[in-house]
Amino acid sequence: MIVLALTQMLGVGTTALISQAAGRKDQPHAELVFNQSCAMSILVALALGIVGFLGMNAYASALSADAITADLAKKYLLWFLPAMLLQFPLVSMGSALRATGIVQAPVIFQVLSVVLNMVLAPFLIFESGHGRNSRYRSGASDLHLHSRCRSAHHLYFEKKYRYLRFRFSQFKPQLKIWSSMLRIGVPAALNLSCSLSTS
């Protein structure tokens, strides 16, 4: 729920600001917002990753029925957490594409990523689960991580999507843009959190 709310906040704020800039034919500002959104997504992912990895052992031990289950949960989280954290830059970049009118590509590659998981995950689970104390579920999460990396590579680095370019000189946080993104995105995130908590 936390990740969904944060990605919703990031996605809505990014889409709104870039679409406004694109509508004004202000490509430099749209590109600036894009790079600022990418920088924010990376920082949020890193912060959440630090909290996740530091609290992983205590979290798994507290919720597991026994030590074996806790150990399996920790092994799974070692792979799942990086895959989950990749959601942030993927949401940022996908929202930027949608804001500039490229709608089909993000959906297509997201679907391909899900289909790839559906088809190959059972094979990796069985392959990595010969011993119950081995990497029983890390095979599935390993695929989850690599398929997201793969979809990110194909979707955002093809030359045809070059209205918005990565410019690392624009990654330095600009609080005015960040505050505008948060002002737009936080209400959407709160609305999603309330909807999820009551459902």
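All of the numbers you see were taken from the coordinates with simple rules; none came from a lab. Note that the coordinates shown come from a computational prediction; the quantities given were computed from them, not determined experimentally. So basically every Cβ, Gly included, is an ideal-geometry build from the backbone, and we count neighbours across all protein chains shown.
Debye-formula intensities of the stretch 9-105, expressed as log10 I(q)/I(0) at q = 0.10, 0.13 Å⁻¹, are -0.39, -0.56 (one equal scatterer per alpha-carbon, no solvent). The modelled label-to-label distance between Q110 and S61, using points 7 Å beyond Cα along the C-beta direction, is 3.8 nm. The trypsin sites (Lys or Arg not before Pro) of the stretch 22-116 meeting both criteria, a DSSP state outside H, G, I, E and B (loop) and at most 10 other C-beta atoms within 10 angstrom of the site's C-beta, are R24, K25. Along the Cα-to-C-beta direction of I2, a point sits 7 Å from the Cα; which residues of the stretch 53-69 have their amide N less than 19 Å from that point? Counting backbone N atoms under 19 Å from the label point, the list is 53-64. When each of M118, M56, M9 is scored by the number of other beta-carbon atoms lying within 10 Å, the sequence from fewest to most is M118, M56, M9. For the stretch 12-42, the residues whose backbone nitrogen is under 14 Å from a point 7 Å from the Cα of F171, taken along Cα to Cβ, are 35-42.
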